[in-house]
Amino acid sequence: MKPETLTPLSGSGEESPPSVRLLMGALMLVMLLSALDQTIVSTALPTIVGELGGLDRLSWIVTAYMLASTIVVPLYGKFGDLFGRKTVLQISVVLFLIGSALCGLAQNMEQLIFTRALQGLGGGGLMVVSMAAVADVIPPADRGKYQGLFGGVFGLATVVGPLLGGFIVQHASWRWIFYINLPLGLFALLIINAVFKANTKRKPHEIDYPGAVCLSLALVGITLFTSEGGTLRAWSDPQLWCILAFGLVGVIGFIYEERRAWEPIIPLTLFRNRSFSLSSLMAFIVGMSLFGSVTFLPLYLQVVKGSTPTEAGLQLLPLMGGLLVTSIVSGRIISRTGRYRLFPIAGTLLATVGMALMTTLTLQSSLWQIYLYACVLGMGMGMVMQVLVLAVQSSVTPDSIGVATSSVTLFRSVGGSIGVALFGAMFSHVLKSGLTKLVEKGDVLPATLDPHAVHHLPHDVQQAYLQVFSEAVHSAFQMAAVVMAVAFLLSLFLPESPLRSKAKQ
């Protein structure tokens with residue numbers, strides 16, 4: 001029997017048929033699976049580093065996943081067209097689950113980083129294939145509502161992830177933050193198999209493998225340079241500059257390959273579209289600022305404020321709640337008014353203010369101040385992340401929606417990978433410099449980043465340690481505030497394209 005295919009909605013205002021609603025539920029479950037693993041490790045970082053060591057590689061627990069998923073994002077879009085989105089989605093889930101199981105079995109930091117990369121190879125497909133399916137069956141005029149829901153799912157993952165991660169670390173083991181993916185992933189596979197009716201139409205593609213290799217070389221080289229410069233390697237180390245040279249060769253090779261490829265990963269002609277160019281650059285900056293700074297907030301709460309992992313997860317609720325609410329509300333408003341340009345402007349401004357407020361926190365700052373500032377930051381982010389995807393989808397031709405969507409996702413992921421590495425290097429450099437001065441003064445400090453050990457130090461030494469740690473976290477937020485301010489300036493030039501009333505046929 002020929003599989004059922006979903007018929008695109010014909011226009012705005014129609015009630016979604018049951019098949020579409022079920023598909024959206026399945027895709028949001030897949031989105032949750034991918035987004036959850038970007039956030040669930042945040043509250044577990046101090047415990048993981050305390051057991052496995054490797055403080056100077058702390059950011060790579062996050063970076064490895066994001067970098068691997070970033071590299072495969074553009075390929076998954078083509079694979080979905082070539083082999084069918086259902087098949088590609090199922091393979092992505094299986095690969096993600098294998099990586100999750102191996103992460104839980106890691107015995108040292110190097111093994112954990114490698115298996116996190118393997119996990120990211122699957123996670124990258126979960127995000128982009130689910131978003132591409134939305135554009136297939138939902139008309140742009142109604143798409144804001146669904147994109148808002150997808151942003152809400154991302155917000156839910158950012159709420160549940162740190163809280164769940166903290167609870168598991170405190171009551172079981174950090175390894176279970178990876179094992180928990182297994183039942184969730186298997187359930188997602190069952191839903192996808194039952195609900196996602198595969199489209200029998202296939203589009204032949206020429207996969208741009210040389211472009212993917214050059215992109216991988218560029219991202220790995222630049223990320224290694226930003227993360228190891230001034231921390232693991234001195235700036236005068238020739239090997240460090242060789243790594244950067246390899247990255248730049250990758251950039252040049254990628255641009256050359258995209259000019260000559262029959263089906264490039266990112267068609268350079270898309271950059272003639274003003275909305276696409278600005279949205280991609282803003283997505284890069286937002287990804288850099290968000291992931292690069294918020295990764296260190298649970299560390300601040302556990303080390304400086306003495307919160308348990310579970311408490312640190314709960315204390316992130318204002319940030320994630322703000323993101324969740326504004327993401328859903330903005331999507332609803334866009335669907336009703338057909339206008340979206342105001343939201344990236346207001347969102348980047350609000351996020352810049354939130355980042356700047358974070359830099360004013362001191363050892364004496366109360367928790368309610370942190371909650372308030374985090375909520376402001378989250379509300380700003382919620383107005384931007386999904387709206388940029390909508391802006392691009394509305395400004396390109398229907399046959400370019402898939403590659404344009406994956407390209408914006410790629411830029412956001414690249415920004416997140418580089419942001420975590422760059423801000424992590426800044427954090428490690430400031431922390432190491434400050435602690436070195438304390439050791440030179442004769443203070444005895446703990447060998448690992450263990451909050452319990454820090455809070456058992458003599459009072460004077462403890463306060464000095466916490467001051468250094470606080471300054472290290474501030475350095476990440478200061479850099480993030482400057483970067484987000486650039487995104488605000490760019491948003492002022494973002495044009496508003498009319499939302500089409502029909503999905504692509």
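FYI, it's all coordinate maths here, none of it is from the lab. None of the values given here were measured: they were computed from a predicted structure. Note that each Cβ is placed from the backbone with ideal geometry, even for glycine, and that neighbours are counted across all protein chains shown.
Data table
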quantity: Given charges at Cβ of Lys, Arg, Asp, Glu: the stretch 295-433 dipole, positive-most of 386, 335, 408; calculated: 335
quantity: Length-normalised contact order for the stretch 309-422 - Cα pairs under 8 Å, 6+ apart - percent; calculated: 35
quantity: Two-site FRET efficiency, residue 269 against residue 91, from Cβ-Cβ distance with R₀ of 45 Å, rounded to 0.05; calculated: 0.90
quantity: For the stretch 52-120, size of Cβ-based charge dipole, Lys and Arg +1, Asp and Glu -1, in debye; calculated: 220
quantity: Distance (nanometres) between label positions extended 7 Å along Cα→Cβ at residue 251 and residue 111; calculated: 3.7
quantity: Neighbour cut-off at most 12 other Cβ (10 Å), DSSP loop, GluC sites (Glu not before Pro), the stretch 206-314; calculated: 206
quantity: Estimated inter-spin distance, residue 186 and residue 456, nm [label 7 Å along Cα→Cβ]; calculated: 3.9
